[in-house]
Amino acid sequence: MLQQTQVTTVWPYYNNWMRDYPTISHLAAAEQDQVLKSWEGLGYYSRARNLHRGAKFVMDEFGGALPVTVTELLEVPGIGPYTSAAIASLAFGETIPLIDGNVLRVFARLTRLKTNITLTKTRSDISLELAKLIPLKYPAAFNQGLMDLGRAVCTPRNPDCANCPINQTCEANQAGDMEDYPVKPQRKSIPHYHIVVGLIRRDQKLLIQRRPENGLLGGLWEFPGGKIEKGELGEAALLREIKEETGLDIDLGWEIGTINHAYTHFKITLTAWFCDWISGEAQRFAATENRWVYMDELKDYALPKANNKILDILAK
């Protein structure tokens, strides 16, 4: 949960998660919809799907006991090099360095590293150097110390070098160019898309569609719609998108409202309309499943945050 998400956001989710899934077997036995609903609002939903898959794998292959070595942990779906090293070193004492953003920043400043830290080779080289330094007896303390140094002292902006315990050996501190490190490529501008969605009404029910597992917001349910193309009006785009995604013929009703939402790599402005079903059976051209549900049943489905913002407008 803490990957890509702050502690203050995670804490209530973590407490609820441990209440609902106190053991690996509880998580493995849960339905995916239930797991995604528990995760709703945290974003990066592949993490929830991987936790679920990983729990099933641990039950099937390891008898429900989490592996303790990096080699075995890497067999579990969803566990990569960082997570395996974190679990193995912090929980089970394996002598392996842990590389996160804080550690990369500390090392880059300590050595005035000129290479791009986003490159796989650079990170591999740093890991090899740290492997020479990590103590056999205290790998967890070493890894947590470096991470905490980066979090609390060696911060991205205005690092507290005067109170840093390794300031005398830090090359960037000696040169006075700490904020030039670590070296990263320039950020690309974030694209902005205008999106339209329709809350299609039929017999007092609304249509929701499940997104494919292997993409953005995989496995979540949403209202049909899509991007407004260049030169298109919103109403025309919505009619086109709903026809392309569902095959339904609809009438546009009234506009519900517009919200803004940001993802990691792009931003959206989303406008929603009520629509009325005229004819046709909902197809799955862009979805894995369709369901017609009552408005008060939507709370039982895991929806993207942008869709929930539309429901918030309706609630008001």
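Could you give me the residue pairs with C-beta distances under 6 Å whose first residue belongs to region 85-101 and is closer than 11 Å to residue 143 by Cα, whose second residue is assigned to a helix (DSSP H, G or I) and of a type in the set (Asp, Glu) wherever it lies, and which are 6+ apart or on separate chains? Taking only residues 6 or more apart or on different chains, not a single pair turns up.
A quick yes/no check of all residues on (1) exposed (fewer than 15 other Cβ atoms within 10 Å of the Cβ); (2) part of a loop (DSSP other than H, G, I, E, B); (3) not β-branched (Val, Ile, Thr):
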residue	(1), (2), (3)
230	yes, yes, yes
241	no, no, yes
270	no, no, yes
282	no, yes, yes
308	no, no, yes
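Here region 163-203 is the region considered, the condition is being of a type outside the set (A, V, I, L, M) and assigned to a strand (DSSP E or B), and the residue that is farthest from residue 263 (Cα to Cα) is 202. Only one of the listed residues (256, 250) is on the phi < 0 side of the Ramachandran plot, in contact with a Cys (Cβ under 7 Å, 6 or more places away or on another chain) and either surrounded by 14 or more Cβ atoms within 10 Å (Cβ to Cβ) or of a type outside the set (A, V, I, L, M) (or both). That residue is 250. Would you confirm, using the coordinates I've provided, whether residue 61 is touching a residue at least 12 places away in the same chain (Cβ under 8 Å) and either part of a loop (DSSP other than H, G, I, E, B) or assigned by TED's automatic domain parsing to the domain that holds residue 149 (or both)? Here the answer is no, as residue 61 does not meet what is asked. Can residue 110 be described as assigned to a helix (DSSP H, G or I) and of a type in the set (A, V, I, L, M)? Answer is yes for this residue.
Looking at 55, 88, just one residue is buried (at least 20 other Cβ atoms within 10 Å of the Cβ) and farther than 28 Å from residue 211 by Cα, and that residue is 88.
The values are calculated or read from the model by the stated rules, or taken from the named source; none is laboratory data. Owing to the predicted nature of the structure, the values given are computational and were not obtained by experimental measurement. Here the Cβ is made from the backbone with ideal geometry for all residues, glycine too, and neighbour counts use every protein chain on show.
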